[in-house]
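The values are calculated or read from the model by the stated rules, or taken from the named source; none is laboratory data. Because the structure is predicted, anything quoted here is derived from the model rather than measured. Positions of Cβ are generated from backbone atoms using ideal geometry, with glycine treated the same way; all protein chains shown enter the neighbour counts. The area values use the complete protein model at the heavy-atom level, side chains included, leaving out ligands, DNA and RNA. Shrake-Rupley method; radii C 1.70, N 1.55, O 1.52, S 1.80 Å.
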Amino acid sequence: MSSAARLIRIVTAVILDQHQQVLVVRKHGSDTFIQPGGKREPGETALQTLARELHEELGVHMDTTSAQPLGLFEENAVNEPGHRVQGEAFLVNATGTAQVQAEIAELAWVPLQPPHGVKLAPLSARHMLPAALAALRSSAGKTD
């Protein structure tokens, strides 16, 4: 990718269910699933952005106090040719039943580890889901 590629900065969530399945979404007009989230509005923190986006797009409420940072990752954008996407990812807990809203066309619960069963964006498949798995394994190994 040329250095002229434009950078899109987003904040994303890795949300797991009780079976270690991860929630992914597909926007209208796309065939690729991504992590839920979006772009910051002026003055928002990363967690404020996530809470707003998860409520707008999926109708769920995020527990901001338990959000765990996973890292900052970058890949080619799947929905915007010639762009790179930089995602700040968090492992979060959400309450409520996720439902398709706003620009979201479809949602799916997929395995945290491959095969995922859907076409998954490289940002999710190569970076965010492996980071979530590593964080879960690290926390499982800790004793309090």
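Tally up the residues in the range 27-37 that are open to solvent by less than 40 Å² (accessible area, probe 1.4 Å) and out of contact with any Lys or Arg (no Cβ under 8 Å at 6 or more places or on another chain), please. Before you say what the answer is, go through the steps one by one.
Of all residues in the range 27-37, those open to solvent by less than 40 Å² (accessible area, probe 1.4 Å) come to 30, 32-37.
Narrowing further to those that are out of contact with any Lys or Arg (no Cβ under 8 Å at 6 or more places or on another chain): 30, 35-37.
Qualifying residue count, the range 27-37: 4.
Using the structure shown, decide if residue 27 is over 18 Å from residue 8 (Cβ atoms), out of contact with any helix residue (DSSP H, G or I) (no Cβ under 6 Å at 6 or more places or on another chain) and in contact (Cβ under 8 Å) with a residue 12 or more places away in the chain. Break it down stepwise before answering.
On the way: over 18 Å from residue 8 (Cβ atoms): no; out of contact with any helix residue (DSSP H, G or I) (no Cβ under 6 Å at 6 or more places or on another chain): yes; in contact (Cβ under 8 Å) with a residue 12 or more places away in the chain: yes.
Judged against the criteria, residue 27 is not a match.
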Select from the range 93-106 the residues that are open to solvent by less than 50 Å² (accessible area, probe 1.4 Å) and either assigned to a loop (DSSP other than H, G, I, E, B) or within 21 Å of residue 8 (Cβ to Cβ) (or both) and list them in ascending order. 98, 104, 105
Check on residue 129, part of a helix (DSSP H, G or I), modelled with pLDDT under 95 and open to solvent by less than 60 Å² (accessible area, probe 1.4 Å): no
Can you list residue pairs whose Cβ atoms sit under 9 Å apart, with the first residue in the range 73-91 being farther than 12 Å from residue 37 by Cβ and among the acidic types (Asp, Glu) and the second being in a loop (DSSP other than H, G, I, E, B) and at pLDDT 95 or above? Count only pairs 6 or more apart in sequence or on different chains. 75/121
Can you pull out the residues in the range 73-92 that are assigned to a loop (DSSP other than H, G, I, E, B) and hydrophobic (A, V, I, L, M, F, W, C)? 77, 78
Mind listing just one residue for me: the one in the range 56-78 that is more than 14 Å from the chain's Cα centre (by Cα) and open to solvent by 70 Å² or more (accessible area, probe 1.4 Å) and, of those, farthest from residue 26 (Cα to Cα)? 65
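Do we have residue 51 as at pLDDT below 95, hydrophobic (A, V, I, L, M, F, W, C) and open to solvent by less than 40 Å² (accessible area, probe 1.4 Å) here?
On the way: at pLDDT below 95: no; hydrophobic (A, V, I, L, M, F, W, C): yes; open to solvent by less than 40 Å² (accessible area, probe 1.4 Å): yes.
No.
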Any hit, the range 15-26, residues being of a type outside the set (Asp, Glu), modelled with pLDDT under 95 and surrounded by 15 or more Cβ atoms within 10 Å (Cβ to Cβ): no
Against the conditions (1) buried (at least 16 other Cβ atoms within 10 Å of the Cβ); (2) without any contact (Cβ under 8 Å) to a residue 40 or more places away in the chain, where does residue 44 fall short? Just the number, please. (1)
